[in-house]
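> One structure coming up, written as C-alpha cells, with questions to follow.
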Amino acid sequence: MTVKKTPYRVLIGKPGLDGHDRGAKFIARALRDEGFEVIYTGIRRTAAEIAATAIQEDVDVVGLSSLSGAHLRLFPEVVNELKKRGGADIPVLGGGVIPEEDIQLLLGDGLNAIFTPGTPASTIIRSFTEACQQHRNHDAQQ
Amino acid sequence: MTPNSKTLLAGLKNHDPRAIGRAISAVENNGDVAADLLAALDQDLINKVLVLGITGPPGAGKSTLTSSLITTLRRQNKRVGIIAVDPSSPISGGAILGDRIRMMDHALDSDVVVRSMATRGRLGGLCASAGAAVRIMAAAGCETIIIETVGVGQSEMDIIRLADITLMVLAPGFGDDIQAMKAGLLEVADFLVVNKSDLPGAEALCMDMEHIFSSKQEENGIARVLQTVASEDKGINELLAGVDTFAHYLETSGIKEKRRGKALDAETLDWIIEMLRPCFVQAMKDDPCNKDPRIRAKKLINTILASQDSFNNNFKKRHREYK
C-alpha cells in the first residue's frame, strides 16, 4: 500500500446519445467531496472522444454512465479506444440501467466494475479509490 | 536521468499525447522525474511560444471564447495548448474540472492539447504548476498556449505574470462588479473583450472600457477594447489580429522578454516559499506561543537561522519531496 499524496484524477463521461446526466453529475460531486479531481466531459460523447480526453488529462480512472441500453456496445468501445491510444492500464468503471446478465459480459470485456441503480455512493467511491490506487501502484512499478 | 524521463522527453518531441499528460502530472505531483524533465525542455520552443491569459468573472464566457479561439487558431494551422484552471474545494481538496465541456469539439484534434488543472489550495486564480505546464506544452510543439483562469473577482492577478498577453473577458449586465474591478485587473489587462456583445448594454460597457483603456491605446495605436459573440465565433478574427499585432509589438520592443524575466523571478520566489513552508510549519509546531504573528515570525526565522545545523537537516529531510 503506497501513501496517497496527491489527489486522484478521474474522468466521468457519458458516451452515446443518452442525455440523462443526473447520475453522472451525482457521482462527480460525490467524488469531489471525497477529494477527487473530476473531469466531466458532458453528455453525448463518442467513445473515441472520451478516450482521447482521458489520455490528455492523464486520469487514473475513467467512469462511464449510460441509461439508454447501449452499454454493451459503448463501454467496451471506450476500453478499446483507450488501448489504441496506449492507455490499456487505465481502469474503466461503468454504471447505469444495466441488466444483471450484462454485468458479466461487460466485466469480461475489460470493465473494472459495474454499478446498477440503488448502489450506495460509498460503495462506488470505494471502487473508484481502489481502482485509482491500483493504477498508481501500476505506475510506481514502471 | 532515469529511463522514464528519457522516454517522456522523447514522447514530448514526438507530440505523443500520453507523454504530454504524464509529464504534466509529474510536475503537478512533484514526481521523481519532474526535475529531470524541467531541466531538459527545449528552451528555443519555450522562448518562441505565445502565452495568452484569459481571465474574467464567472459566466462572462471564458471557456466559450477559448473554444472559439482554438477553432480560429486551428484554421491558421497552429498547434494550440490549453490550460484550464478550476478551483479546488477548500474542504475536501477535490474539484470538478468542467471547462472541457465547451471544448469537446476539439477532443479528437491531435494538435489541440488540453489540460484541466485544479488550484490545489493556491489563491490568485492559477495553480502552482501552471508555469511548468506551459513550458511542457511549448516543448511538445504548441505554438500558442491559452491559459484560462478560474472565474476571478478583483485581485486574482497571477495570470498577468504568466501570460505574455492577458485578455480580460466581460459581458454586459455585471453592473457594479465591473465598477469594483476598475482598480484591479482592468488596469493590468492588455485587452478587454466585451463578450455577448449582442446583448443590451454592450455598447455602454464598451464606451466605459474604452475610456479606461484610452491611455493604453494611445501608447501604440492598437485597439484594446474589442467585441465578440464567442458562441457564434463573431469578432474572433478581429480579436486575434489585434493580439498578433500586439504580440509583434511586445517582441520587437523587448517588452516580452522583460515580462518573461519578471515572471520567472516571481515564480522562483513562489517556489522558494513553497519549499521552505514545511520547515517553518514544523518550527511553529515545535514552539507554540500566542505572540503577535509578525513578532513570532521574525523570532522563528532568527531561531532557525541561528541553529543552522538543525535547519539544514530539517530542510534537507523535507526538501526531498521536491526532488
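The values are calculated or read from the model by the stated rules, or taken from the named source; none is laboratory data. Remember, predicted model here, so these are calculated numbers, not experimental data. Note that we place each Cβ from the backbone using ideal geometry, even for glycine, and neighbour counts take in every protein chain shown.
> Would you point out the residue of segment A:80-92, among those that are crowded, with 18+ Cβ neighbours inside 10 Å and within 14 Å of chain B (Cβ to nearest Cβ), that is nearest to A:Cys132 (Cα to Cα)?
Within segment A:80-92, the match that is nearest to A:Cys132 (Cα to Cα) is A:Ile90.
> (1) buried (at least 22 other Cβ atoms within 10 Å of the Cβ); (2) out of contact with any Pro (no Cβ under 9 Å at 6 or more places or on another chain); (3) more than 19 Å from A:Cys132 (Cα to Cα): which one isn't true of A:Ser66, the others all being true?
Of (1) buried (at least 22 other Cβ atoms within 10 Å of the Cβ); (2) out of contact with any Pro (no Cβ under 9 Å at 6 or more places or on another chain); (3) more than 19 Å from A:Cys132 (Cα to Cα), only one is false for A:Ser66: (2).
> Taking the condition surrounded by fewer than 20 Cβ atoms within 10 Å (Cβ to Cβ) and either outside any loop (DSSP other than H, G, I, E, B) or under 17 Å from the mean Cα position of the chain (by Cα) (or both), does B:Ala10 pass?
Judged against the criteria, B:Ala10 is a match.
> On the phi > 0 side of the Ramachandran plot, small (Gly, Ala, Ser) and more than 13 Å from the chain's Cα centre (by Cα): is that true of A:Gly110 in this structure?
Values: on the phi > 0 side of the Ramachandran plot: yes; small (Gly, Ala, Ser): yes; more than 13 Å from the chain's Cα centre (by Cα): no.
It is false that A:Gly110 is on the phi > 0 side of the Ramachandran plot, small (Gly, Ala, Ser) and more than 13 Å from the chain's Cα centre (by Cα).
> For segment A:53-70, which residues satisfy the criterion of being without any contact (Cβ under 8 Å) to a residue 40 or more places away in the chain and in contact with a helix residue (DSSP H, G or I) (Cβ under 7 Å, 6 or more places away or on another chain)? It would help to see each step written out before you state the result.
Pass one, segment A:53-70, residues without any contact (Cβ under 8 Å) to a residue 40 or more places away in the chain: A:55-56, A:69.
Matches in segment A:53-70: A:Ile55, A:Gln56.
> Can you find even one residue in segment A:23-33 that is closer than 21 Å to B:Ile24 by Cα and under 11 Å from the mean Cα position of the chain (by Cα)?
no
> Then there's this: With the condition kept exactly as written, say whether any residue in segment B:126-139 is more than 14 Å from every other protein chain (Cβ to nearest Cβ), more than 22 Å from B:Leu226 (Cβ to Cβ), at pLDDT below 85 and part of a helix (DSSP H, G or I).
No, there is no match, as no residue in segment B:126-139 is more than 14 Å from every other protein chain (Cβ to nearest Cβ), more than 22 Å from B:Leu226 (Cβ to Cβ), at pLDDT below 85 and part of a helix (DSSP H, G or I).
> Please name all residue pairs, on different chains or six or more residues apart, with Cβ atoms under 7 Å, provided the first residue is in segment A:36-49 and is at the interface with another protein chain (Cβ under 7 Å from one of its Cβ atoms) and outside any strand (DSSP E or B) and the second residue is surrounded by fewer than 18 Cβ atoms within 10 Å (Cβ to Cβ) and at pLDDT below 90.
Listed pairs, sorted by first residue: A:Thr41/B:Ile101; A:Gly42/B:Ile101.
> Right, another one. Do the conditions hold for B:Met275, that is, is it within 22 Å of the chain's Cα centre (by Cα) and assigned to a helix (DSSP H, G or I)?
Answer is yes for this residue.
> Please state which of the following conditions A:Gln141 fails to meet, knowing it meets all the rest: (1) free of Cβ contacts under 8 Å to residues at least 12 places away in the same chain; (2) within 13 Å of the chain's Cα centre (by Cα).
Checking A:Gln141 against (1) free of Cβ contacts under 8 Å to residues at least 12 places away in the same chain; (2) within 13 Å of the chain's Cα centre (by Cα), the one that fails is (2).
> Here is a check on your reading of the model: is A:Arg29 basic (Lys, Arg), more than 18 Å from B:Ala107 (Cβ to Cβ) and facing chain B (nearest Cβ under 9 Å)?
Criteria met by A:Arg29.
> Select from segment A:48-73 the residues that are in contact with a strand residue (DSSP E or B) (Cβ under 7 Å, 6 or more places away or on another chain), of a type in the set (A, V, I, L, M, F, W, C) and at pLDDT 95 or above and list them in ascending order.
A:Ile50, A:Ala54, A:Val59, A:Val61, A:Val62, A:Leu64
> Another question about this same structure. Can you find, within segment A:100-142, the residue that is surrounded by the most Cβ atoms within 10 Å (Cβ to Cβ) among those that are aliphatic (A, V, I, L, M) and under 24 Å from B:Arg22 (Cβ atoms)?
Filtering first and then ranking leaves A:Ala131.
> Among the numbered criteria (1) part of a helix (DSSP H, G or I); (2) modelled with pLDDT of 95 or more, which single criterion is violated by B:His15?
(1)
> Moving on to the next point. Within segment B:157-272, considering only helices (runs of 4 or more DSSP H) that don't extend past its boundaries, which have at least 2 residues that are on the phi < 0 side of the Ramachandran plot and among the polar types (S, T, N, Q)?
Of the helices (runs of 4 or more DSSP H) lying wholly inside segment B:157-272, those with at least 2 residues that are on the phi < 0 side of the Ramachandran plot and among the polar types (S, T, N, Q) span B:202-220, B:236-253.
> Go through (1) in contact with a helix residue (DSSP H, G or I) (Cβ under 7 Å, 6 or more places away or on another chain); (2) not in a loop (DSSP other than H, G, I, E, B) for B:Asn30 and report which single condition fails.
Result: B:Asn30 fails condition (2) only.
> Here's another thing I want to ask about it. Any residue at all in segment A:125-136 that's aromatic (Phe, Trp, Tyr), away from chain B (no Cβ under 14 Å) and not in a loop (DSSP other than H, G, I, E, B)? I'd like the intermediate steps shown before the answer.
Of segment A:125-136, the ones aromatic (Phe, Trp, Tyr) are A:128.
Next, from what is left, pick out any that are away from chain B (no Cβ under 14 Å): none.
The answer is no, given that none of the residues of segment A:125-136 is aromatic (Phe, Trp, Tyr), away from chain B (no Cβ under 14 Å) and not in a loop (DSSP other than H, G, I, E, B).
> State which residue pairs qualify: first residue within 22 Å of B:Ser68 (Cβ to Cβ) and inside segment B:233-261, second residue aromatic (Phe, Trp, Tyr) in any location, beta carbons under 9 Å apart, and separation of 6 or more residues or different chains.
Here the result reads B:Leu239/B:Phe191; B:Gly242/B:Phe191; B:Val243/B:Phe191; B:Phe246/B:Phe191, each pair linking segment B:233-261 to a residue that is aromatic (Phe, Trp, Tyr).
> Taking B:Ser25 as the residue in question, decide whether it is in a strand (DSSP E or B) and facing chain A (nearest Cβ under 10 Å). Before you say what the answer is, go through the steps one by one.
On the way: in a strand (DSSP E or B): no; facing chain A (nearest Cβ under 10 Å): yes.
No.
> Still on this structure, please answer the following. Kindly indicate the residue of segment A:50-78 that is within 14 Å of chain B (Cβ to nearest Cβ) and of a type in the set (S, T, N, Q) and also nearest to A:Gly95 (Cα to Cα) among those meeting that condition.
Looking at residues that are within 14 Å of chain B (Cβ to nearest Cβ) and of a type in the set (S, T, N, Q), I get A:Thr53.
> Please pick out the residue among A:Glu49, A:Glu77, A:Glu57, A:Glu37 that is crowded, with 16+ Cβ neighbours inside 10 Å and over 21 Å from B:Ala19 (Cβ atoms).
Working: A:Glu49 fails: over 21 Å from B:Ala19 (Cβ atoms); A:Glu57 fails: over 21 Å from B:Ala19 (Cβ atoms); A:Glu37 fails: over 21 Å from B:Ala19 (Cβ atoms).
A:Glu77 is the lone residue from the list that is crowded, with 16+ Cβ neighbours inside 10 Å and over 21 Å from B:Ala19 (Cβ atoms).
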